[in-house]
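Each remark here refers to the structure printed beneath this line.
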Amino acid sequence: MPNNELLRKLNILGAAAKYDASCASSGVDRRGSSKQGALGNSVACGICHSFTPDGRCVSLLKVLQSNDCVYDCKYCVNRRTNDVERATFTPREIATLTYEFYRRNYIEGLFLSSAVIMSPDNTMEIMCETLRLLRQEFSFYGYIHVKAIPGADPLLIEKAGRLADRMSVNIELPSEASLTRLAPQKKKNSIFNSMRYISGRIEEDKSGKLLLRDNLPAPLGETMPKSYGTGSSFSRTFVPGGQSTQLIVGATDDTDHDILTLTENLYNKMQLKRVYYSAYVPAGKDPRLPTLAEPPLLKENRLYHAAWLLRLYGFQSSELFDKNSPNLNLRYDPKCDWAVRNLDLFPVEVNKADYDTLLRIPGIGTISARKIVSARKVGSLGFEELKEMGVVLKRAQYFITCRGKMMPHIKFDTKFIDANLSLDKRAKPIFSNCEKLSLLDYINGGDY
Amino acid sequence: MLNIYIYDGTYHGLLTCCFDAWKDKDIYSIRSKEENKSVNLLENVVYVETDNEKAERIIKWVGKEAGYEVQRKLYRVFLTEHPDRGMYILRYLKLLDKLGRNVENHLYDDDVRNINKLSRMHASETHRLYGFVRFEVAGNNILYARIEPDFNQLEVIAPYFADRYNSHLWIIHDLARNMAAIFNGSEYIITEYHGNMLDNESRTEISFQKMWIEYLNALTIKERLNLDLQKQKVPLKTRKHLTEFKLKSKN
């Protein structure tokens with residue numbers, strides 16, 4: 001079975017999928033032993049299997065069904081007018097690769113995307129067949145993340161969604177103007193319609209109300225698969241791991257403020273599980289594209305950090321920006337930036353502040369905040385105790401008091417803090433695409 | 001006198017020592033019999049016979065006082081094979097007796113910190129192994145993997161892989177301890193093991209390994225190269241049995 005042709009396709013269609021930042025294999029807990037003869041399971045926290053030399057996590061076999069695209073999006077390596085080698089996997093080739101990689105424990109499952117082969121419907125049909133083969137013929141119970149191709153028939157999206165754990169539609173460009181300019185064949189409406197369909201269906205399954213499904217005839221004359229498994233492990237049938245999307249940053253002049261406002265809406269109104277950012281890597285010489293010396297990794301990092309604050313720290317996107325600047329401060333991280341602009345809210349007394357206030361201290365994350373709340377129940381905390389507990393004070397020291405006192409030698413004024421925070425120019429590993437928090441939560445849970 | 005308690009190397013044995021030594025003011029150390037070093041004149045060795053009933057009483061009591069998670073935590077500390085784990089566990093148990101459930105809030109207490117730190121280190125290695133165990137498909141379609149973890153992990157990873165690969169036969173071989181978890185398609189045992197399943201890898205096996213490596217190479221964004229970050233995520237010591245790093249260094 002394995003041969004040079006398969007290897008050639010894997011090289012092309014793996015490389016073609018590399019700009020998709022999503023790697024999560026999280027959000028679904030499914031036991032493998034629930035079905036006789038099945039291969040695989042799924043763990044809610046997600047598992048990283050390897051890391052490439054760019055430091056990004058590899059969790060799923062991320063490949064395109066095909067890179068033979070009819071579209072001509074300027075930012076994309078697979079655009080029709082680009083001179084690259086083309087390849088298309090058969091459904092069986094992908095199913096075999098997934099199966100063989102999975103049982104060697106190289107991967108958590110499959111991430112299947114595709115260029116548009118002839119039409120969105122045609123593409124989606126081939127992808128559905130790949131998933132069907134894997135689930136039914138190979139009895140594959142591992143994780144599957146599938147891309148919905150914008151503009152594809154909802155019936156096909158429905159079919160894919162019942163076979164997959166997570167589904168995503170990439171917005172790629174954060175505004176309609178950018179889309180029109182760089183991806184003229186993509187329409188904002190078809191992107192958001194697909195996303196709305198997915199979130200509507202997820203909501204429907206959650207609430208148990210059938211809003212859309214009843215009106216749907218079976219796709220392409222087939223019987224609609226109820227789900228690919230039986231038993232309690234598949235109580236929710238439509239993408240139990242939720243929906244995600246991706247935005248390219250740095251290819252257009254959309255501001256961080258625009259990007260984060262969009263992000264906030266996606267999390268709050270469309271219940272997305274993740275919004276990924278992908279620093280634009282120059283893919284063409286079109287005059288409409290910027291020329292960059294290197295991908296804007298710092299900008300990407302700041303956006304991830306800011307989105308983190310929206311999702312888990314109770315921030316609103318409007319709080320993260322200075323009135324005069326629609327972009328995030330590159331000198332230090334968004335939480336420090338917010339704190340320096342709001343010094344009147346500091347210093348915070350760690351022995352008294354509530355959990356939500358602790359979370360807003362730069363350098364204090366959910367784990368440290370939880371530790372503080374827990375430890376102060378049995379004694380008052382000084383700087384020594386904080387250090388012993390493993391609370392890192394490097395940034396926090398400028399913003400806290402213990403028993404009413406600041407740390408010695410720390411001056412509480414904007415100039416001093418600003419100078420010290422921005423001194424930290426040590427090259428730091430850039431935040432990767434991993435679901436870091438869920439891993440830490442998981443470890444803290446202490447269970448296996 | 002310095003009393004040294006010696007147990008048979010099992011968790012129940014360690015807990016029996018804790019039970020027997022509860023009121024001993026002269027206790028100096030609790031050691032597994034393999035770790036027993038030479039004894040000096042001041043030391044008085046007490047050999048403890050494992051008593052499952054005493055051990056179970058402690059486990060149940062911990063569960064009742066502090067819950068399942070603390071039970072797991074102490075067990076993980078045992079599995080770290082840290083030379084002082086016996087005394088750490090004993091002191092933690094005494095603290096639990098004194099403070100009840102509140103013990104978990106004493107985050108800056110040395111005894112609590114030692115337990116938390118070791119169990120966290122163990123748990124993160126477990127989690128890493130979920131992703132980093134690499135099977136090769138050996139003769140008779142048996143999946144065979146080698147690991148050399150810092151801590152004893154077979155007991156905690158075996159149930160996970162038994163669920164994941166329940167339709168396969170597999171062996172996970174801990175080279176550092178000469179032990180293996182062996183799964184027969186319905187249940188696993190953990191046993192001493194000196195076998196080697198990798199004498200002649202099939203051509204199919206080698207070609208899938210190559211595909212995996214080439215795939216990872218294709219996936220790398222050269223403009224974002226960051227070997228430090230890779231090293232942080234995949235520490236050098238974990239690379240020995242990872243197909244993608246192993247084969248690369250061979251070529």
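Could you check segment A:1-43 and list, in sequence order, the residues that are small (G, A, S), more than 7 Å from chain B (Cβ to nearest Cβ) and touching a strand residue (DSSP E or B) at 6+ places or on another chain (Cβ under 9 Å)? Even if it seems obvious, please write down each step before you answer.
Start the filter on segment A:1-43 by keeping residues that are small (G, A, S), which leaves A:14-17, A:21-22, A:24-27, A:32-34, A:37-38, A:40, A:42.
Of the ones still in play, those that are also more than 7 Å from chain B (Cβ to nearest Cβ) are A:16-17, A:21-22, A:24-27, A:34, A:42.
Listed by number, the residues that qualify are A:A16, A:A17, A:A21, A:S22, A:A24, A:S25, A:S26, A:G27, A:S42.
Name the single residue that is nearest to A:Y71 (Cα to Cα) among those in segment A:99-139 being touching a Gly at 6+ places or on another chain (Cβ under 7 Å) and within 13 Å of chain B (Cβ to nearest Cβ). Before you say what the answer is, go through the steps one by one.
Initially, segment A:99-139 is screened for residues touching a Gly at 6+ places or on another chain (Cβ under 7 Å), giving A:102, A:108-109, A:120, A:139.
So of that shortlist, the ones also within 13 Å of chain B (Cβ to nearest Cβ) come out as A:102, A:108-109, A:139.
On the way: A:Y102: 32, A:E108: 31, A:G109: 28, A:S139: 34 Å.
It comes out as A:G109.
Tell me whether segment A:365-385 contains one or more residues that are of a type in the set (D, E) and in contact (Cβ under 8 Å) with a residue 40 or more places away in the chain.
no
What number of residues within segment B:170-183 satisfy the criterion of being farther than 26 Å from B:H82 by Cβ and away from chain A (no Cβ under 14 Å)? Steps first, answer last, please.
Pass one, segment B:170-183, residues farther than 26 Å from B:H82 by Cβ: B:170-171, B:182-183.
Checking the rest, the ones that are also away from chain A (no Cβ under 14 Å) come to B:182.
The number of residues fulfilling the criteria is 1.
Exactly one condition in (1) in contact with a strand residue (DSSP E or B) (Cβ under 7 Å, 6 or more places away or on another chain); (2) under 23 Å from B:A123 (Cβ atoms) is not met by B:Y28; state its number.
Against the list (1) in contact with a strand residue (DSSP E or B) (Cβ under 7 Å, 6 or more places away or on another chain); (2) under 23 Å from B:A123 (Cβ atoms), B:Y28 comes up short only on (2).
Looking for something touching a strand residue (DSSP E or B) at 6+ places or on another chain (Cβ under 7 Å) and surrounded by 22 or more Cβ atoms within 10 Å (Cβ to Cβ) - is there at least one such residue anywhere in segment A:301-317? Spell out how you get there, then give the answer.
Within segment A:301-317, the subset touching a strand residue (DSSP E or B) at 6+ places or on another chain (Cβ under 7 Å) is A:303-304, A:307.
Add one more test, that the residue is surrounded by 22 or more Cβ atoms within 10 Å (Cβ to Cβ), and what stays is A:303, A:307.
Within segment A:301-317, one or more residues are touching a strand residue (DSSP E or B) at 6+ places or on another chain (Cβ under 7 Å) and surrounded by 22 or more Cβ atoms within 10 Å (Cβ to Cβ).
Filter segment A:30-69 down to the residues that are within 18 Å of the chain's Cα centre (by Cα), assigned to a loop (DSSP other than H, G, I, E, B) and of a type outside the set (V, I, T) and list them by number.
Answer for segment A:30-69, where residues must be within 18 Å of the chain's Cα centre (by Cα), assigned to a loop (DSSP other than H, G, I, E, B) and of a type outside the set (V, I, T): A:A44, A:C45, A:G46, A:C48, A:H49, A:D54, A:G55, A:R56, A:S59.
Each row is one residue, and each column tells you yes or no for (1) surrounded by fewer than 18 Cβ atoms within 10 Å (Cβ to Cβ); (2) in contact with a helix residue (DSSP H, G or I) (Cβ under 7 Å, 6 or more places away or on another chain); (3) among the polar types (S, T, N, Q).
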residue	(1), (2), (3)
A:A15	no, yes, no
A:G32	no, yes, no
A:L39	no, yes, no
A:T81	yes, no, yes
A:R86	yes, no, no
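When you go through B:E155, B:E136, B:E148 one by one, which is the residue that is within 28 Å of B:I206 (Cα to Cα) and either within 10 Å of chain A (Cβ to nearest Cβ) or surrounded by 22 or more Cβ atoms within 10 Å (Cβ to Cβ) (or both)? Steps first, please.
Working: B:E155 fails: within 28 Å of B:I206 (Cα to Cα); B:E148 fails: either within 10 Å of chain A (Cβ to nearest Cβ) or surrounded by 22 or more Cβ atoms within 10 Å (Cβ to Cβ) (or both).
Of the residues listed, the single one that is within 28 Å of B:I206 (Cα to Cα) and either within 10 Å of chain A (Cβ to nearest Cβ) or surrounded by 22 or more Cβ atoms within 10 Å (Cβ to Cβ) (or both) is B:E136.
Going by what's in this entry, would A:V350 be described as farther than 27 Å from A:S244 by Cβ and buried (at least 21 other Cβ atoms within 10 Å of the Cβ)?
Numbers: farther than 27 Å from A:S244 by Cβ: yes; buried (at least 21 other Cβ atoms within 10 Å of the Cβ): yes.
Yes.
Looking at B:S167, B:S119, can you tell me which residue is within 11 Å of another protein chain (Cβ to nearest Cβ), within 25 Å of B:K60 (Cβ to Cβ) and touching a Gly at 6+ places or on another chain (Cβ under 8 Å)?
On the way: B:S167 fails: within 25 Å of B:K60 (Cβ to Cβ).
The unique qualifying residue is B:S119.
Against the condition at the interface with chain A (Cβ under 9 Å from one of its Cβ atoms), under 14 Å from the mean Cα position of the chain (by Cα) and of a type outside the set (K, R), how does B:T126 come out, does it pass? Steps first, please.
Values: at the interface with chain A (Cβ under 9 Å from one of its Cβ atoms): yes; under 14 Å from the mean Cα position of the chain (by Cα): yes; of a type outside the set (K, R): yes.
Yes: the conditions hold for B:T126.
I need the helices (runs of 4 or more DSSP H) fully contained in segment A:350-415, keeping only those with at least 1 residues that are among the acidic types (D, E).
Numbers: elements: A:355-359, A:366-375, A:383-388.
Correct list: A:355-359, A:383-388.
Being more than 19 Å from A:P240 (Cα to Cα) and assigned to a loop (DSSP other than H, G, I, E, B) is the filter here; which residues of segment A:7-29 pass it?
Of all residues in segment A:7-29, those more than 19 Å from A:P240 (Cα to Cα) come to A:7-21.
A:A16, A:A17, A:K18, A:Y19, A:D20, A:A21, listed by residue number.
Any residue at all in segment B:193-211 that's loosely packed, with under 15 Cβ neighbours inside 10 Å and within 21 Å of the chain's Cα centre (by Cα)?
Checked segment B:193-211: at least one residue is loosely packed, with under 15 Cβ neighbours inside 10 Å and within 21 Å of the chain's Cα centre (by Cα).
Suppose we filter segment B:216-235 for residues that are facing another protein chain (nearest Cβ under 7 Å), under 26 Å from the mean Cα position of the chain (by Cα) and part of a helix (DSSP H, G or I); how many remain? I'd like the intermediate steps shown before the answer.
Kept after step one, since they are facing another protein chain (nearest Cβ under 7 Å), are these residues of segment B:216-235: B:216, B:218-221, B:223-230, B:232-234.
Those still in the list that are under 26 Å from the mean Cα position of the chain (by Cα) too: B:229-230, B:232-234.
Okay, now just the ones that are also part of a helix (DSSP H, G or I), so B:229-230, B:232-233.
Matching residues across segment B:216-235 total 4.
Which numbered condition trips up B:Y108, out of (1) within 9 Å of chain A (Cβ to nearest Cβ); (2) under 26 Å from A:K387 (Cα atoms); (3) buried (at least 22 other Cβ atoms within 10 Å of the Cβ)?
That leaves (3) as the condition not met.
Conditions: (1) farther than 24 Å from B:F208 by Cα; (2) buried (at least 21 other Cβ atoms within 10 Å of the Cβ); (3) over 19 Å from the mean Cα position of the chain (by Cα). B:L118 meets all but one. Number of the miss?
Condition not satisfied by B:L118: (3).
Read-outs: derived from the displayed coordinates by stated rules, not from any lab. Because the structure is predicted, anything quoted here is derived from the model rather than measured. FYI the Cβ positions are ideal-geometry reconstructions off the backbone, even for glycines, and counts take in every protein chain you see.
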